Each structure stands twice: as structure tokens, then as C-alpha cells.
Amino acid sequence: MKNERINLTPGLCRDLKARDKEYFVLDLNCPGLWLRVYPSGFKTWYYHYRSRGKQTTKIKLGRLEMLNPTQARKRAKEIQGDIVKGNDPLERRKKWENQLSFGEGLKGWFKNTLTTPTFSPKTIKDIKGALNVWVFHNTHDPEVRKKLNVLEDLKHKKLSSITKKQIKNLHKVITEKSPYMANRVVAYLKMFFNHVSNGSRINPCKIPSKELNQETEYLDYLSNIELDAVLDRAFVKDERSGRLLKSHYVQRSLSPVSCCAIAFQLSTGRRTRDEGSNIQWSWLRYGKEPQLVLPKTKSSKKQKNPKLNFGLGKEAMEILSTIKQERLCEDSAFYYPPEDIRNKYVFPSKDFGRITGPNAKPSKTPHVNDVRVTWKKLLAMVGITRHLKHYATRHSTATAVLRKSGNIRHVGKVLGTSDKTASKYSKTQHREEIEVLDDVFSERVKEKIREVK
């Protein structure tokens, strides 16, 4: 393909593969128009020209994501016209940069770059969700709308006019709602500006870390007593029939499927969405040493020898065996006929295929996905008033394992993480030491000592 002129069509440009070294592809229809393909996979249009009495010069026209071949040829011809008239082509490029708005640039990035397999579906969802709210103002949340009303609307500003001061102000306003989200929005926009600028302009999102919100790792968990209390209310059986005690869930407006999913997570330490609530019956192995065999985990891509097989204890097996019995009864929330896709899942969703809100689309998830409402009800039932994220189920299991065994390696094996990652749970032990000391001295009455003059 070297030095060969080719009719560059959108499809051909899209299919050009990256190599170990960058290379150029010359356009057949426009002399001087080259498409530069970087080892990273990025593709950028350049126009090569020779000014009078000068060496060949190249000028960047823009990325393939922003310019299709027809648009790139149009820009190249505009430069040719400037050269004939004796005008500086660089002024033309500045004009193009000023024409693109912040919102247009983001939409182009969403459509052409923020795609799989470069980015995971979850990352794409998180980035689009955050920027759609705080840049495009697509939200019905009244609290967020109040914050947006005091913000400068940046989406119509020219991309080249966005300043660090504006980004800092955006970060400040979001911080009032969510400090964590404020940092994430700046990080996402930093990725975007790095992409569109390709090093040609200062990134307005390069804010010193000391000016961002300090983030502390969330490590709250259920104590021994709290863990037992939540389990006792999440998983309740009728000892006579061996089934779930229906009256317990009906009287308290609890979802039995969500309750059992929470109980399973507490008894295994599995992550909520990708290791716990989405498990299928085919992933379970029975025998003397029952196991859950996962196709992947959140961290398996980063590990050379990822742990995908996890042992199941008596508590987890009792939950699963009870659900197996429930699946046979047509009056159960776990029952679905064999032809229903939900029959494959341990924790099926009653909302699958349903529209659950005025602006919502039919749910495409056949298993339970969000159990936070049930989680809050269970915490209230046992008298836990502090804010405790549902992710604390995993922390609670890890802390309980460490408390019982005293071995960090056991925690890592249960969670499927490295010993280094598991060691963070050792920090939580200090809270229990403090609680014990507080209990010891809680009823002590201080005697007033008369001051001797």
C-alpha cells in the first residue's frame, strides 16, 4: 500500500489495520491528501503541499472520526485555493477548529471512538451516562436540574474556546451533588480532549490532583451481629415444607428473589452484578465440594491465571437447594416454564420484558440486577441506620472470613483477588477494636475531683 494511490472510501478507511509503525495511505481523487494510520489505531487526515520556494509542508485536517473522505477532500481543496491566492493555510485550520462545538465533538466521540471492543460496555455506559447529564443536561432529577441552572451551558461553545476555568467550575458544581462523580466527569472529559486534540492544544481538563476531591476507598461492612441479623431476615424457610416462608416476605413487602440474591452474596462474597445476581444453573457443580464456575470476573482480564472456580459453603448450598424446590411450584416467584429464558437463571427477574417507568424501555435483563430497595428494607428491619451501600455485602463476607481465619490468603481465595487486594480488609479490624474499647468504658462515671488550691 506504500506510495500507492487508492480510492479512499469510508468502508476502506474504517477497515485499515494498525501496524507496528505508523503509515500513510494516499488518496487517488485528491493529490496531496493522505490518511495517517497510527499503531494505536487512530487515523488522521493530512494534506501535503509545497509553498513557493519552500519545502513540502503537511497540515492536519482532522481525525477520521470527525471527517469522512468527502469532507477531507473538501478541506484539502480549500487549502489549495488558499495557496493559489497566497493565503496562509494555517489560518484555515484555525477556522475549522473554531467551527466545531463542544457538544458536536462529544457526539462524534461517542459514535465513532467510544465503542467496543476498545471500551467495555460498562465503561461506555458510565461515560455516556455522566456526560449526558452534566454536559448535555439530559436529566429529570430536580436536584441535578438546580445545579445545572447555575452552570454555564458548554455544549454550544466552540471546542477550541473551552478553558480550564470552565472545567474547574463544572467540577465545583458537580462536587456539591457528588464529589466522586465530579472527579469522574473531569477524567472522562480529559480522555475526550486528549483524543480530539492529538497533542495539538492544551487539555483544559489537566487539573492537579490536589485540586480534585479526595476519594477514600469504601470499606464499610456488617459486623458479626449485623451480618447474622440480615441473613436471618433475607432467607427465611418454612421448616415444615422446606420452602421459603411466604408470609414473611408478603407481610414485609419483600421480594423473595432479591432477598435470596442478597443472602447468597453474603454467604459467598460474590460481586453483585457480574458474579452474583446473574449466575446460571449451568455454572453450578455439585458433589463433595460444590463449586460455582464463572465464565469471567471483573478482574479476570487483568490476571494471568484468574480464579474462576469458587467453593460453596453450607449456607449457600441451603439457599440454592431451597430455590431449586421453589422452581417446581407455580405459585413461586422463582417459577418460569422451561421455554422462558429466565428459567436458566438462579435469580430470575419478574420485570424482564416489562416497561417499569413512563420513559423506560422494556427490560432486557432476565435476571435481577438492582436489589438496593430490598437491601435498604432489610437494613431498616435490623435497625441499621447508617448509610451502607449494597456493595458492603462483599466487604462483610471478606471481613468475616478474616476475623474467623486470621489469614489474608483465605480472604483472597474467597473473593478471587490477590493477597495485596485482600489485605485492605485488615484495616477494617480497627473499627471492632474501637467498638470493644468503647463498650468497656461506656458506663464509667467520672468522679469530680476537687481542685486543691
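Which number in (1) at pLDDT below 95; (2) within 18 Å of SER258 (Cα to Cα) marks the one condition that TYR336 misses? Among (1) at pLDDT below 95; (2) within 18 Å of SER258 (Cα to Cα), the lone unmet condition for TYR336 is (1). Among the residues of this structure, GLU330 does not count as one that is surrounded by 15 or more Cβ atoms within 10 Å (Cβ to Cβ) and of a type in the set (Asp, Glu).
I'd like to know if segment 295-304 contains one or more residues that are of a type in the set (Val, Ile, Thr) and under 30 Å from MET381 (Cβ atoms). So that I can check it myself, show each step before the final result.
Initial filter on segment 295-304 (of a type in the set (Val, Ile, Thr)): 297.
Going one step further and asking which of them are under 30 Å from MET381 (Cβ atoms), we end up with none.
Among the residues of segment 295-304, not one is of a type in the set (Val, Ile, Thr) and under 30 Å from MET381 (Cβ atoms), which makes the answer no.
For every residue, the table says whether it meets (1) within 15 Å of the chain's Cα centre (by Cα); (2) at positive phi; (3) assigned to a helix (DSSP H, G or I).
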position: THR118; (1), (2), (3): yes, no, no
position: GLY129; (1), (2), (3): yes, no, yes
position: PHE136; (1), (2), (3): no, no, no
position: HIS140; (1), (2), (3): no, no, no
position: VAL144; (1), (2), (3): no, no, yes
position: GLU152; (1), (2), (3): no, no, no
position: HIS156; (1), (2), (3): no, no, no
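Out of segment 367-385, which residues are within 25 Å of the chain's Cα centre (by Cα), touching a residue at least 12 places away in the same chain (Cβ under 8 Å) and surrounded by fewer than 21 Cβ atoms within 10 Å (Cβ to Cβ)?
ASN369, ARG372, VAL373
Candidates are the residues of segment 333-351 that are farther than 20 Å from GLU275 by Cβ and of a type in the set (Phe, Trp, Tyr); the one that is surrounded by the most Cβ atoms within 10 Å (Cβ to Cβ) is TYR336.
Restricting attention to segment 292-318, report how many residues are part of a helix (DSSP H, G or I) and within 22 Å of ASP419 (Cβ to Cβ). Talk me through it step by step, then tell me what you get.
Here is the first cut: in segment 292-318, the ones part of a helix (DSSP H, G or I) are 300-302, 314-318.
In the following step, the residues that additionally are within 22 Å of ASP419 (Cβ to Cβ) were identified as 300-302.
Residues in segment 292-318 being part of a helix (DSSP H, G or I) and within 22 Å of ASP419 (Cβ to Cβ): 3 in total.
Hey, does segment 11-18 have a residue that's in a strand (DSSP E or B) and touching a residue at least 12 places away in the same chain (Cβ under 8 Å)? No, segment 11-18 has no match at all. Criterion applied to SER253, SER258 was being in the same structural domain as ILE279 (by TED's automatic domain parsing) and at positive phi, and the one residue passing it is SER253. Evaluation of SER299 against the conditions (1) surrounded by 15 or more Cβ atoms within 10 Å (Cβ to Cβ); (2) at pLDDT 95 or above shows that the sole unmet condition is (2). Only one entry in LEU231, LEU245 is without any contact (Cβ under 8 Å) to a residue 60 or more places away in the chain, outside the structural domain of TYR180 (by TED's automatic domain parsing) and surrounded by 13 or more Cβ atoms within 10 Å (Cβ to Cβ), namely LEU245.
Take THR322 and decide whether it is farther than 24 Å from VAL401 by Cα and modelled with pLDDT of 90 or more.
Values: farther than 24 Å from VAL401 by Cα: yes; modelled with pLDDT of 90 or more: yes.
Yes, satisfied.
Listed by first and then second residue, the pairs with beta-carbon distance under 9 Å, at least 6 apart or on different chains, first residue in segment 72-89 and within 14 Å of TRP34 (Cβ to Cβ) and in the same structural domain as HIS48 (by TED's automatic domain parsing), second in a helix (DSSP H, G or I) and modelled with pLDDT under 80, are ARG75/ARG92; ARG75/ARG93; ARG75/TRP96; ILE79/PRO89; ILE79/ARG92; ILE79/ARG93.
Within segment 334-358, residues that are in the same structural domain as GLU318 (by TED's automatic domain parsing) have Cβ atoms under 7 Å from residues that are buried (at least 16 other Cβ atoms within 10 Å of the Cβ) and aromatic (Phe, Trp, Tyr) in these pairs: ARG342/TYR336; ARG342/PHE352; ASN343/TYR336; PRO348/PHE334; PRO348/TYR336, counting only partners at least 6 apart in sequence or on another chain. All of (1) in contact with a Cys (Cβ under 9 Å, 6 or more places away or on another chain); (2) under 30 Å from LEU320 (Cβ atoms); (3) modelled with pLDDT under 95 hold for MET191 with one exception: (2).
Could you check segment 180-291 for helices (runs of 4 or more DSSP H) lying wholly inside it with 1 or more residues that are among the charged types (D, E, K, R)? Ranges flagged: 224-234, 246-251. Scanning segment 58-69 for residues that are free of Cβ contacts under 8 Å to residues at least 40 places away in the same chain and under 36 Å from the mean Cα position of the chain (by Cα) returns LEU61, GLY62, LEU67.
The values are calculated or read from the model by the stated rules, or taken from the named source; none is laboratory data. The structure displayed is predicted, hence computed values, not measured ones. Glycine also receives a Cβ, built like all others from the backbone with ideal geometry; neighbour counts cover every protein chain displayed.
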